[in-house]
Amino acid sequence: AAAAAAAAATSPSRGPRRSESMARLQSGSLGVSASAAVSTAAASASNASNPATPQRHYTSSSSLSAPSSVARSPFERHWSDFLVDDDPGEFPVGWEQRYTATGVPYFVDHIHRTTTFEDPRIAQREKKKQEARAQEAALPQYKRDLRRKMLKLRAMFEHRRQDHMVHLAHARNTTPDCIPVPKVEISVNRRNVFEDSYLALMKMKPSQLEGKLSIEFSGEDALDYSGVAREWFYLLSREMLNPYYGLFQHTSSDSYLLEINPNSSVNPEHLSYFRFIGRVIGLAVRHGHYIDGSFVMPLYKVLLHRNVSVTDMEKVCCALAVAVWVLFGLLLVGAETSSSSPCSSSFFFLFFSSILFFFFFVVVVVFHFQVDEQYYNSLRWMLENDITGVIDNTFTDESEVFGVKQTIELKPGGAQIMVTETNKREYVRLIVRHRLLQGIADQVLALRRGFNEIVPAEWTRMFDERELELIISGLAAIDVNDWKRHTEYRNCSPDSNIVAWFWRAIELYDDEGKARVLQFVTGTSRVPMTGFCDLRGSQGPKKFTIEYLPGAKRGELPKAHTCFNRIDLPPYESLEELVSKLTQAIENTVGFGIE
């Protein structure tokens, strides 16, 4: 079944539809003759008394002995030891994994009727390692490190899942392969994705969120093999981070960065919503998906259980300064381009309006920047100089709540504790924390609680705040050259006209258009922190794929297979026709369907 981005030409009010593809049958469901199945069962029964011996078929036996040692747990290995996913991938055709009575895995070759303790995927794994080394060679050092840290994080999640399956198997007196893979099933209405997701997730215990995500949009035919989940994260993050709901707000220095709204308490359930958002972010990290939004850096530090510092206040000041001059430049450019004649009255009106607005912005915002900059400099001076006999501050700070000034103690009894040369570093740490997190402490704790219910705090100690930002949000910028380098082709080549036209169309789109094409094909507009080489599909890494369909009807719209990051292109007569059909698809596609 293919995911379709097609709409009937006679139904303009109904946008094209996408759907998920049926996942390929797992190796365990390969067709095996009845005699082979019976012989395997008989061999298992005859060897049950000696589980250390490999299972045998009646035609031939394994020449390998049981493994003498167990691989080290990912918790015991340093992140630099990870090069590829611990998951070895799919089995070759005809192979199947089973377990002895004591839970030791072994492998059955149904074609040659043999068994072995040696995983047949080892050769494939060595090839993956060679490819990974080649990919890492083209990455800067910080991305190489982050990639390996992410591999360790995935391995820890998988180890925990397998450990859970083994415990269930022992409790039910069976083997792990007889335990069905647990699923986190969530059904939502596309029009009410925020509230439906909130109700579904918050009624579950943290232990119930361990399984594989299975997302369903009401009224849509789709099988979720990661593509539907990616779109769910994309739609949900745009809703839950929308300042309209009062939980977050854009910073004054950057309209793309979000911070917690100190007045979110107007919603009496706001702490429950922050815990829910923390769970969503944790699930995104757990399953390798991305949140469509970015937060201020101190928030990432708090998620990592790290203290904010005076340098975080410096970044806020610098960002404000940059925002002022960028705004001024944009206003002047807008005034100059608003009229064809620089001598016209409309030009002078817009120009002087821009000047007045700029100075108003200076009064309202830059005043705060100057105060923050002076305060930051004074804190730096305190840390770098002897303050004995110079400062008579106490462990308090002043804040204004609805026009009323209040004195807040930074620690119990702070009003009676003087700042001295001995305790000044503690004072700076507390005052910075209060200034940056003032009024949002409860919200931050609720957000972090939800996040740690999915991602244990000790697992994130290897990351810093910048790495966590990339893990949660990925990259918003799209590098078309990197996109081209890591694209696969079916029924076509990079030199084909249809491929050349597709890349030309991508270059003609603005940043938003490029993001919409990527979201249409993969389910998300975000790129992995290491680039397109690490795009993931339904069963691990899967590159962006263009498939040409020469037998399709002319004039059809492109089709997207979000599980496999693949776009199907029918025959088109020209670049203009391809751009028209692709634009129609990305702008009108709503929902999934199975064809």
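The values are calculated or read from the model by the stated rules, or taken from the named source; none is laboratory data. Because the structure is predicted, anything quoted here is derived from the model rather than measured. Don't worry about glycine lacking a Cβ; one is built from the backbone with ideal geometry, like all the others, and counts go over all protein chains shown. Accessible surface areas use protein heavy atoms only, side chains included; no ligands, DNA or RNA. Shrake-Rupley method; radii C 1.70, N 1.55, O 1.52, S 1.80 Å.
Can you give me the ranges of the helices (runs of 4 or more DSSP H) entirely in the range 413-496 with at least 1 residues that are modelled with pLDDT of 90 or more and among the aliphatic types (A, V, I, L, M)?
Values: elements: 424-437, 441-454, 465-473, 480-485.
In the range 413-496, 441-454, 465-473, 480-485 are the helices (runs of 4 or more DSSP H) which contain 1 or more residues that are modelled with pLDDT of 90 or more and among the aliphatic types (A, V, I, L, M).
If only one of Asp442, Asp482, Asp464 is touching a helix residue (DSSP H, G or I) at 6+ places or on another chain (Cβ under 9 Å) and without any contact (Cβ under 8 Å) to a residue 60 or more places away in the chain, which one is it? Reasoning before the result, please.
Numbers: Asp442 fails: without any contact (Cβ under 8 Å) to a residue 60 or more places away in the chain; Asp464 fails: without any contact (Cβ under 8 Å) to a residue 60 or more places away in the chain.
Of the residues listed, the single one that is touching a helix residue (DSSP H, G or I) at 6+ places or on another chain (Cβ under 9 Å) and without any contact (Cβ under 8 Å) to a residue 60 or more places away in the chain is Asp482.
Residue by residue, here is whether (1) surrounded by 18 or more Cβ atoms within 10 Å (Cβ to Cβ); (2) of a type in the set (A, V, I, L, M); (3) at pLDDT 85 or above holds:
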| site | (1), (2), (3) |
| --- | --- |
| Arg72 | no, no, no |
| His78 | no, no, yes |
| Phe82 | yes, no, yes |
| Asp86 | no, no, no |
| Trp95 | yes, no, yes |
| Gly103 | no, no, no |
| His112 | no, no, yes |
| Glu118 | no, no, yes |
| Arg125 | no, no, no |
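What's the total number of residues in the range 286-298 that are of a type in the set (A, V, I, L, M, F, W, C) and open to solvent by 10 Å² or more (accessible area, probe 1.4 Å)?
Filtering the range 286-298 for residues of a type in the set (A, V, I, L, M, F, W, C) gives 291, 295-297.
Next cut, open to solvent by 10 Å² or more (accessible area, probe 1.4 Å) only: 296-297.
Residues that pass the stated criteria total 2.
Restricting attention to the range 195-242, report how many residues are part of a loop (DSSP other than H, G, I, E, B) and within 20 Å of the chain's Cα centre (by Cα). Even if it seems obvious, please write down each step before you answer.
Of the range 195-242, the ones part of a loop (DSSP other than H, G, I, E, B) are 203-205, 210-211, 218-226, 241-242.
Now drop any that are not within 20 Å of the chain's Cα centre (by Cα), which leaves 210-211, 224-226, 241-242.
Here the count works out to 7.
Filtering the range 434-463 down to residues that are more than 29 Å from Trp79 (Cβ to Cβ) and not hydrophobic (A, V, I, L, M, F, W, C), which residue is surrounded by the most Cβ atoms within 10 Å (Cβ to Cβ)?
Gln443
Pairs, please: C-beta under 7 Å, at least 6 apart or cross-chain, first residue closer than 16 Å to Glu90 by Cβ and in the range 103-117, second of a type in the set (Gly, Ala, Ser) and surrounded by fewer than 19 Cβ atoms within 10 Å (Cβ to Cβ)?
Correct list of pairs: Asp109/Gly94; His110/Ala36; His110/Gly94; Ile111/Gly94.
In this structure, is Val181 in contact (Cβ under 8 Å) with a residue 24 or more places away in the chain, of a type in the set (A, V, I, L, M) and open to solvent by 60 Å² or more (accessible area, probe 1.4 Å)? Steps first, please.
On the way: in contact (Cβ under 8 Å) with a residue 24 or more places away in the chain: yes; of a type in the set (A, V, I, L, M): yes; open to solvent by 60 Å² or more (accessible area, probe 1.4 Å): yes.
Spelling it out, Val181 is indeed in contact (Cβ under 8 Å) with a residue 24 or more places away in the chain, of a type in the set (A, V, I, L, M) and open to solvent by 60 Å² or more (accessible area, probe 1.4 Å).
Just checking, which of Gly551, Gly555, Gly537 is modelled with pLDDT under 90, over 23 Å from Glu587 (Cβ atoms) and over 19 Å from the mean Cα position of the chain (by Cα)?
Details: Gly555 fails: over 23 Å from Glu587 (Cβ atoms); Gly537 fails: over 19 Å from the mean Cα position of the chain (by Cα).
That would be Gly551, the only listed residue that is modelled with pLDDT under 90, over 23 Å from Glu587 (Cβ atoms) and over 19 Å from the mean Cα position of the chain (by Cα).
Give me the pairs, please: first residue somewhere in the range 294-315 and of a type in the set (A, V, I, L, M) and part of a loop (DSSP other than H, G, I, E, B), second residue anywhere and at pLDDT below 85 and open to solvent by less than 10 Å² (accessible area, probe 1.4 Å), beta-carbon distance under 7 Å, and either six or more positions apart or on two chains.
From the range 294-315, the pairs are Val308/Val432.
Taking the range 537-583 only, how many residues are open to solvent by 40 Å² or more (accessible area, probe 1.4 Å), charged (D, E, K, R) and more than 30 Å from Leu151 (Cβ to Cβ)?
Number satisfying all stated conditions: 7.
Which residue pairs have Cβ atoms closer than 6 Å, lie 6 or more positions apart in sequence or on different chains, and pair a first residue in the range 493-505 that is in contact (Cβ under 8 Å) with a residue 60 or more places away in the chain with a second residue that is small (Gly, Ala, Ser) and open to solvent by 60 Å² or more (accessible area, probe 1.4 Å)?
Listed pairs, sorted by first residue: none to list.
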